[in-house]
1. Consider Q138 against the criteria (1) touching a Gly at 6+ places or on another chain (Cβ under 9 Å); (2) crowded, with 20+ Cβ neighbours inside 10 Å; (3) closer than 21 Å to G18 by Cβ: it satisfies all of them except one. Which criterion is unmet?
2. Within the stretch 205-226, can you find the residues that are open to solvent by 60 Å² or more (accessible area, probe 1.4 Å) and assigned to a loop (DSSP other than H, G, I, E, B)?
3. I'd like the residue in the stretch 348-373 that is in a helix (DSSP H, G or I) and open to solvent by 50 Å² or more (accessible area, probe 1.4 Å) and, out of all such residues, is farthest from A338 (Cα to Cα).
4. Which residues, counting only those in the stretch 310-326, are surrounded by fewer than 16 Cβ atoms within 10 Å (Cβ to Cβ) and charged (D, E, K, R)?
5. Among A77, A64, which is the only one that is farther than 23 Å from V168 by Cα, part of a loop (DSSP other than H, G, I, E, B) and not basic (K, R)?
6. Considering only the stretch 101-166, give the helices (runs of 4 or more DSSP H) lying wholly within it that have at least 1 residues that are touching a helix residue (DSSP H, G or I) at 6+ places or on another chain (Cβ under 6 Å) and closer than 25 Å to Y58 by Cα.
7. Taking the stretch 83-98 as the region of interest, how many residues are out of contact with any helix residue (DSSP H, G or I) (no Cβ under 8 Å at 6 or more places or on another chain) and either modelled with pLDDT of 90 or more or among the hydroxyl-bearing types (S, T, Y) (or both)?
Amino acid sequence: MQVTDVVVFPWNKNFETGIATVDEQHKQLVNLLNRLASTLVSDDPVGVAVVFNELADYASYHFAEEEEVWETYFDGADDWKNAHLKSHGSFLPSVLQIKEKAADEPWQEVTEKVLRFLIRWLAFHILDEDKKMSFVVQAMDSGLSFSEAKVAADQQMGGSIRVLIETVLNMYDELSLHAIELIRERQRRILIEEELKQLNEKLEKLSITDELTGLYNRRYFNVLISDELRRAAAANKQVAFLSLDLDHFKRVNDTYGHLQGDKVLQDVGTILARHSKTAVGSAFRMGGEELLIVSVGHGQAEAVQLAERVREEVATILIRDEAGGPACRLTTSIGVVARVPASGEGPELFLEQADKALYQAKQDGRNRVRFMD
């Protein structure tokens, strides 16, 4: 399924620290955060886990890189540096704590909570802690001492910058709510689309399938067969029609009941479906106990062999009397025609010839195969 892009954390210039490597890494974290949200849309818990692990791994890499910058400019015991290290150290434990508290909730809701935490944590981390660090770095690079640089950074972080930070954080909180609702809406839409797709597939299958036997129905035969014959004629391929009729089927219904008759048809349908698939063909219930296999590429000898295999397997079906009467075996008569269709020829002549061969099989005593020369 194509994942729809969802932006829960849009990047803007307010997040730039002026330290190129740090800014690039922050952008990558933002990209991964947005990918996590996009993967959530696809309703794929495995995909969400993969992206989250990638995000966690990259965050660990970024923290190590960023801490090298702090080591370069800040004293070992500096309270800003230690607070920053503590923030890094609490990142994954905080995420795990959210997951543990929401362990009984659906995974989608857990992921949404993690997303909201990550959005606010990353926005605050960049705007407050990393901005302060960058101001100190810039001040020291301009010639100020470490203590002077911290004072200058504190002044820069006050006033309008602090208002900006609060404004951006509130804006991103609101944005995360809207983005997650958008994710939920897209999840609902995808679910509805999938349900509609499955329903349409079911309806389509019902429209071309015989409900009792699972074979294709006469309607689908009429839709399919003309094109099959046309392609076979163009490719000079033989087409075989195997027309089957269950012997004395009315007697089966009258003696054993219609439920047993239905079961017999289902068993025969299973046999025909398997053999037609092996023969690269299609099996149809044309009506009542009248059944048909159409196979492309089979000549007369192969078609007769296929018919014999079907006949022999049908003859293994045992019809039992639930009332305790005698059981009997089912048999079938099969008529076969196999040839290259003439250009523009429809199925009527094939059906007529197969039915003539079937009639001959019945005349000759049933439970046998006959073919049309």
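1. Against the list (1) touching a Gly at 6+ places or on another chain (Cβ under 9 Å); (2) crowded, with 20+ Cβ neighbours inside 10 Å; (3) closer than 21 Å to G18 by Cβ, Q138 comes up short only on (2).
2. Once the filter is applied, which keeps residues that are open to solvent by 60 Å² or more (accessible area, probe 1.4 Å) and assigned to a loop (DSSP other than H, G, I, E, B), the stretch 205-226 yields only E211.
3. Taking the stretch 348-373 first, the residues in a helix (DSSP H, G or I) are 348-363.
Those left that are additionally open to solvent by 50 Å² or more (accessible area, probe 1.4 Å): 348-349, 352, 355-356, 359-360, 363.
Working: E348: 14, L349: 11, E352: 12, D355: 13, K356: 13, Y359: 16, Q360: 16, Q363: 21 Å.
Looking at residues that are in a helix (DSSP H, G or I) and open to solvent by 50 Å² or more (accessible area, probe 1.4 Å), I get Q363.
4. If the condition is that a residue be surrounded by fewer than 16 Cβ atoms within 10 Å (Cβ to Cβ) and charged (D, E, K, R), then E312, R320, D321, E322 are the ones that fit.
5. A77
6. Working: elements: 107-124, 131-141, 146-157.
Helices (runs of 4 or more DSSP H) meeting the threshold: 107-124, 131-141.
7. 5
Residues checked against (1) basic (K, R); (2) open to solvent by 50 Å² or more (accessible area, probe 1.4 Å); (3) more than 51 Å from the chain's Cα centre (by Cα):
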site: W107; (1), (2), (3): no, yes, no
site: K113; (1), (2), (3): yes, yes, no
site: H125; (1), (2), (3): no, no, no
site: S134; (1), (2), (3): no, no, no
site: G143; (1), (2), (3): no, yes, yes
site: S147; (1), (2), (3): no, yes, yes
site: V163; (1), (2), (3): no, yes, no
site: V168; (1), (2), (3): no, no, no
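The values are calculated or read from the model by the stated rules, or taken from the named source; none is laboratory data. What you see is a predicted model, and the numbers here were worked out from it, not measured in a lab. Every residue, glycine among them, receives a Cβ derived from its backbone with ideal geometry; neighbour counts consider all protein chains shown. Surface areas here come from the heavy atoms of the whole protein model, side chains and all, with no ligands, DNA or RNA. Shrake-Rupley method; radii C 1.70, N 1.55, O 1.52, S 1.80 Å.
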